[in-house]
Amino acid sequence: MNYAEKRTLQVKLRPYLFIAPAFIFMLFVFAYPIGDLLRRSTNRQYGGEMEYIGLEAFRLTFRDDFFWTSLFNNLRLFLAVPILVVLSLIFATLIFERLPAWRIHRTLVFIPYVMAVPVVGVVFTYILTLNGVMNTILERVGLDFIALDWLGSSKTAIWAIMAVIIWKELGFGIVLFLARMSSISVELYDAAKLDGASWWQEMRHVTIPQTATVIEFYVVISMITMLSWVFAYILVMTKGGPGGSTWVMEYYIYQKAFQYSQMHIAAAASVLLLVFAGVLMVVQGRLRRELGGL
């Protein structure tokens, strides 16, 4: 190998050498826990010893009705994602156009996002109970036929929790879209107004195309939230009830690991959750490439 070839090889390897320390660190942070998780999902612990059980934990997980209830509830919570995107776009556009007292509105919509989930859960538990604030107001205005046991009924509990999550997470989307809108050229909106575009047409042909990448980012973040950041809501508001109807994957893993001491099943469910999240990321990546090619 002559000097020119060595120099070329050094230039090609240099970026990899720079990222090698970070890569090794990330490998240790993520690869080791995942490997340990896989080991625990195929072994059952008796005292201080581990007994290899193969895929038995996965078979037990698939036969557990609470596992399917948990997974289905996570899928139902995904319905909050398009609601969050639409509401965030609408409110962000209104605030961006400087509606009266827009600074106050911007502050009010962001306050819920910075509040602690346990605080939000306790407050809304008090509001949504059978004799809570919401039903009291409904009865006072003559709408007592709408009053329901929002958190005490298996038919409404998960939807009530989803509404609370939307209320809390909405502020992040609004601020995120506002930050992107502030960098959009004003000339685009001026041109749309000169062409006689309505408010909805401006949003469709200017705002949404210009914020497409931010919308995609927010969709991914919201899906991750609905998949792996709702445990605190469930624990504080319903504790998985009534009758296990509000279990989600996180709560299922928590119950198996710490309430029933079935660490192998909890590990198996964690692996399945990881696989499920990975599939979602792959699908999202393929959709992005396909839509980007249109």
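Could you list, in sequence order, the residues of the stretch 115-132 that are without any contact (Cβ under 8 Å) to a residue 40 or more places away in the chain and either open to solvent by 40 Å² or more (accessible area, probe 1.4 Å) or in contact with a strand residue (DSSP E or B) (Cβ under 7 Å, 6 or more places away or on another chain) (or both)?
A116, V119, V123, Y126, I127, T129, L130, N131
Could you grab the pairs with beta carbons closer than 6 Å, sequence gap of 6+ or different chains, first residue in the stretch 133-150 and under 15 Å from V123 (Cβ atoms) and among the aromatic types (F, W, Y), second one open to solvent by less than 60 Å² (accessible area, probe 1.4 Å) and assigned to a loop (DSSP other than H, G, I, E, B)?
Sorted first by the residue in the stretch 133-150, then by its partner, the pairs are W150/T156.
Might you let me know whether the stretch 123-132 holds any residue that is under 22 Å from the mean Cα position of the chain (by Cα) and under 24 Å from L227 (Cβ atoms)?
The answer is yes; a qualifying residue exists.
Any idea how many residues of the stretch 57-90 are without any contact (Cβ under 8 Å) to a residue 12 or more places away in the chain and farther than 30 Å from V175 by Cα?
6
Where in the stretch 1-97 are there helices (runs of 4 or more DSSP H), lying wholly inside it, with at least 2 residues that are within 30 Å of E216 (Cα to Cα)?
It comes to 3-26, 32-41, 65-77, 80-96.
(1) closer than 28 Å to S41 by Cα; (2) without any contact (Cβ under 8 Å) to a residue 24 or more places away in the chain; (3) crowded, with 18+ Cβ neighbours inside 10 Å: which one isn't true of V275, the others all being true?
The single condition V275 does not satisfy is (3).
Which of the residues belonging to the stretch 55-90 are under 12 Å from L227 (Cα atoms), open to solvent by 30 Å² or more (accessible area, probe 1.4 Å) and either β-branched (V, I, T) or in contact with a Leu (Cβ under 9 Å, 6 or more places away or on another chain) (or both)?
Scanning the stretch 55-90 gives L71, F78.
Name, by its number, the condition in (1) more than 26 Å from T225 (Cβ to Cβ); (2) part of a loop (DSSP other than H, G, I, E, B) that does not hold for R103.
Among (1) more than 26 Å from T225 (Cβ to Cβ); (2) part of a loop (DSSP other than H, G, I, E, B), the lone unmet condition for R103 is (2).
Those residues that are under 15 Å from L71 (Cα atoms), in a helix (DSSP H, G or I) and β-branched (V, I, T), I need them from the stretch 235-264; list them, please.
If the condition is that a residue be under 15 Å from L71 (Cα atoms), in a helix (DSSP H, G or I) and β-branched (V, I, T), then I253 is the only one that fits.
When the stretch 91-114 is examined, which residues are found to be over 15 Å from E169 (Cβ atoms), in contact (Cβ under 8 Å) with a residue 40 or more places away in the chain and open to solvent by 70 Å² or more (accessible area, probe 1.4 Å)?
R106
Only one of (1) closer than 24 Å to V236 by Cα; (2) of a type outside the set (D, E); (3) surrounded by 15 or more Cβ atoms within 10 Å (Cβ to Cβ) is not met by Y189, so which one is it?
Against the list (1) closer than 24 Å to V236 by Cα; (2) of a type outside the set (D, E); (3) surrounded by 15 or more Cβ atoms within 10 Å (Cβ to Cβ), Y189 comes up short only on (1).
The values are calculated or read from the model by the stated rules, or taken from the named source; none is laboratory data. These numbers come from a predicted model, not from an experiment. For neighbour counting, all protein chains shown are included, and Cβ atoms are generated from backbone atoms with ideal geometry for every residue, glycine included. The area values use the complete protein model at the heavy-atom level, side chains included, leaving out ligands, DNA and RNA. Shrake-Rupley method; radii C 1.70, N 1.55, O 1.52, S 1.80 Å.
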